[in-house]
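Worksheet: the structure to be examined is printed underneath.
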Amino acid sequence: MIAHYFKLIWKRKGKNAFLFVQLIFVFWVVFAVFSYGISQYRYYASPLGFDWREVYRVQINFKTEDTAATRLMIKSLKHDLKAMPETDQVSYSVNVSPYLGNIWGNGNDNDGFVFNARYMYADEDYARVWKIPMKSGRFYTREDLNSKYTPVVVTQKFVDKFMKGKEPLGFKFHFTKEMETEIIGVAENFKFQGDFTEEDPFLFVPLADDATDLHQAINVRVKPGTGPEVEKKINDLVENATKNNDFSLVKVDITRKSTNSRTYIPLAAMFFLAIFLIINISMGLFGILRYNIARRIPEIGLRKAVGASTGAVRRQFTGEMLVLVVLAFVIAVIFAVQLPFITTLPIEKDAYFMGIGAGALLIFVLVYGCTLAPSQQAAMTLPAKALHEE
Amino acid sequence: MIELKNLSKSYYTDVLETVALNDISLKIGKGEFVSIMGPSGCGKSTLLNMIGLLDSPTRGHVSIKGVNLENQKENDLAKFRNENLGFIFQSFHLISDLSVIDNVELPLLYRGESAKERKRLSEEALEKVGLLNRKNHYPNQLSGGQRQRVAIARAIVGKPAVVMADEPTGNLDSVLGNEVMQLLLDLNEQEKVTVVMVTHDESMARKTHRVIRLYDGSLVN
């Protein structure tokens, strides 16, 4: 029977060409939207490795020389912030922190250890502020800073990517030519660039007291239930301590929303484009089928006269359309599957192929749904009446 | 072979009942060639549709080959038509996008025959109507007479007991009409197929075993 459908489609190829091309384009658009959507969802569903709730961040440039007074001011500011009744934890870091959009990267192959990872300088309280869960070992403390090797914490992603078969805890390597480090802890995750980003391998490196220029962000975790009035208190404290107002203070929740909107907006736009196309193709299919059936009523009458059951007539129309969709799908897929091999996709390959599968399923279900009503109409046609229609 | 008892057919609108057939009772024997005649609108085609199970009567019974076809489900009727009845229409009703052989094998497709068997039987039917050499042509490449011969091949490909022909020569000139009529006569004589033919043409009707005349939906003695 499929051969019979195919013969009719082939003979009517001129009439089917526009629909066929339209289906190919719809497949491509749906593949793209689904792949991107699946990829973004997978990023979103993967663990962040920190808790952004109740965290305020002050971005500041102390603009002073590294003097004892500056160090004291930095230290006392942290102390004062921590002394606030609303405060839970306070930490200094560089401007590489969740949702900031800044990245620092380092790679080094000294000692034969090859890595290429993101990193940040952060003080010993950073893991407590951001509630970073540890997979093994621990986050560094102030006491660790006196050891021969600089203690660092890496993420599990770092271990998975660069340390296959190696025990991470106690592993020593040159982070830079001058800095020899020892891994003392493995954090579960640290997807600091945003909810919709891929997690990169990451290192936490201690922030030295004398590196005053690297004290670029103050991360303040307030106690749960703290109201927005705390923002003014933090602002006043920082302003009084630094004697300038050249800083920004924001609740991380706001930065997070803003960062995520950069994904939501194009995703929503693509989604609406796909919906529009799908509605378009649905209406097109519905209209074409109704037209085809109206045009083919004598043929339906003949088929019923020579023994076609109502199911056979219904299958005739759904079958023809599904064969056409399968052909369009094959053409669309032939081009689509080659894409990962000829260019670098901005999404993971498996998400791309899952997108193709999910998109194809949607189109097949949609086409089948659109053919049901007109096909049923054809199936219910009375043969005697149909045979006398011209 | 075919028995109609008190068969009536009416068509209804909101305000009007139109009687197309009125209390028709008749028998058609096995191997008989019967023609149905009458003026336009007298119910000839309606009667043929009733015998051919393409439409259902308002009242009365139809039985074919001893099978009472009253209250049968539509799919059962379709199966019965497929196995026992062949149809020939005035306007041929060939599917223009299918080749001659694909048109002929259509009833076998719904019978579930294998592709090989369909091909064999279709070629055999086309051989009988003298169009085997045109099996890969399309209907628009054939003359009117050839198209009707393809329709006859389609009607007989499933070896039906009864062939219903609705004005089979109506769209043909006299020469081609005679050719088609001869094919039907041969089919009836050689293969003992019962043929029921609606016609306007007295000369064609005279060639059949019996003429049934209709007037205003009733049989005329």
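Coordinate-derived values only; no laboratory data. Predicted model, so just to flag it, every value in this text is computed and none were measured. FYI the Cβ positions are ideal-geometry reconstructions off the backbone, even for glycines, and counts take in every protein chain you see.
Only bridges whose two residues both fall in the protein assembly as shown count here: according to DSSP, what percent of them are antiparallel, nearest 5?
Taking every DSSP beta bridge within the protein assembly as shown, about 60 percent pair in antiparallel fashion.
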Whether the range A:62-245 is rounded, prolate or oblate, judged on the alpha carbon gyration tensor where a/c under 1.5 counts as rounded: prolate
Shielding of A:8-15 by partner chains, average beta-carbon count, 10 Å: 2
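Taking loop as defined by DSSP and a crowding limit of 16 other beta carbons within 10 Å, which GluC sites (Glu not before Pro) in the range A:236-341 fit?
Taking the range A:236-341 and a limit of 16 other Cβ atoms within 10 Å, no loop GluC sites (Glu not before Pro) are found.
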Number of partner chain Cβ atoms within 10 Å, mean per residue of B:91-98: 5
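Mean residue ellipticity at 222 nm from the helices of chain A, using -39,500 (n - 2.57) per DSSP H segment of n ≥ 4 over the full residue count, to the nearest 500 deg cm²/dmol?
My calculation for chain A gives -17500 deg cm²/dmol from helical runs alone.
Across chain B, where is the longest run that never hits trypsin sites (Lys or Arg not before Pro) in a DSSP loop with at most 13 other C-beta atoms within 10 Å?
B:74-191
For chain B, what does -39500 (n - 2.57) per DSSP helix run (n ≥ 4), summed and divided by total residues, give at 222 nm, in deg cm²/dmol to the nearest 500?
-10500 deg cm²/dmol
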Base-10 log of normalised Debye intensity for the range A:326-380 (one unit scatterer per alpha-carbon) at q = 0.18, 0.26 Å⁻¹: -0.68, -1.03
Highest-fluctuation residue, B:Ile64, B:Ile95, B:Ile156 considered, GNM on chain B with Cα pairs under 10 Å: B:Ile95
Size of electric dipole in chain A: Cβ of Lys, Arg +1 and of Asp, Glu -1, about Cα centre, debye, nearest 20: 2540 debye
Average silhouette area of the range B:107-221, convex hull of alpha-carbon atoms, in square nanometres: 8.4 nm²
Subset of A:Lys191/A:Lys243; A:Lys7/B:Lys116; B:Lys79/B:Lys192; A:Lys304/B:Lys135 violating a 28 Å alpha-carbon distance limit: A:Lys191/A:Lys243
Cα-centred dipole magnitude for the range A:62-245, charges only on beta-carbon of K, R (+1) and D, E (-1), debye, nearest 20: 280 debye
Furthest towards positive pole of dipole, A:Leu81, A:Tyr44, A:Ala17, structure part the range A:1-160, Cβ charges: A:Ala17
Choice from A:Thr67, A:Thr255, A:Thr150 with maximal GNM fluctuation in chain A (Cα, 10 Å cutoff): A:Thr67
Chymotrypsin sites (Phe, Trp or Tyr not before Pro) lying in DSSP loop within the range A:65-151, provided at most 16 other Cβ fall within 10 Å: A:Trp104, A:Phe113, A:Tyr149
Per-selection Rg to Rh, chain B - Cα, Kirkwood hydrodynamic radius: 0.97
Dipole axis of the range B:2-220 (+1 Lys, Arg; -1 Asp, Glu on Cβ), positive-most option in B:Ser35, B:Leu187, B:Leu4: B:Leu187
Nonlocal amide H pairs with A:Ala208, under 5 Å, H built at 1.01 Å: none
DSSP-loop GluC sites (Glu not before Pro) across the range A:157-232, with at most 11 other Cβ within 10 angstrom: A:Glu178, A:Glu229
Relative contact order (%) - chain B, alpha-carbon pairs under 8 angstrom, separation at least six: 30 percent
Charge dipole (the range B:14-155, unit charges on Cβ, about Cα centre) - positive-most of B:Val67, B:Ala155, B:Leu53: B:Ala155
Dipole moment magnitude, nearest 20 debye, chain B about Cα centre, only Lys, Arg, Asp, Glu C-beta charged: 520 debye
Rounded to 10°, Cα long-axis angle of helix B:174-191 versus longest principal axis of chain B: 90 degrees
Inter-chain Cβ neighbour average for residues A:297-305, partner chain, 10 Å: 6
Separation of alpha-carbon centers, the range B:148-221 and the range A:1-67, rounded to whole Å: 64 Å
Antiparallel bridge percentage (DSSP; both residues within chain B; nearest 5): 50 percent
Cα centroid of the range A:279-296 to Cα centroid of the range A:223-248, whole Å: 64 Å
For the range B:85-138 and the range B:5-60, distance of Cα centres in Å: 29 Å
Fraction of the pair-distance distribution of chain A above 35 Å, Cα-Cα pairs, percent: 49 percent
Above-threshold pairs, the threshold being 26 Å between Cα atoms, out of A:Lys135/A:Lys232; A:Lys233/A:Lys257; A:Lys131/A:Lys157; A:Lys257/A:Lys349: A:Lys135/A:Lys232; A:Lys257/A:Lys349
In sequence order, calculated HN-Hα J values of the range B:68-76 (Karplus, 6.51, -1.76, 1.60; Hz; x Gly/Pro): 6, 9, 6, 6, 7, 6, 4, 5, 5
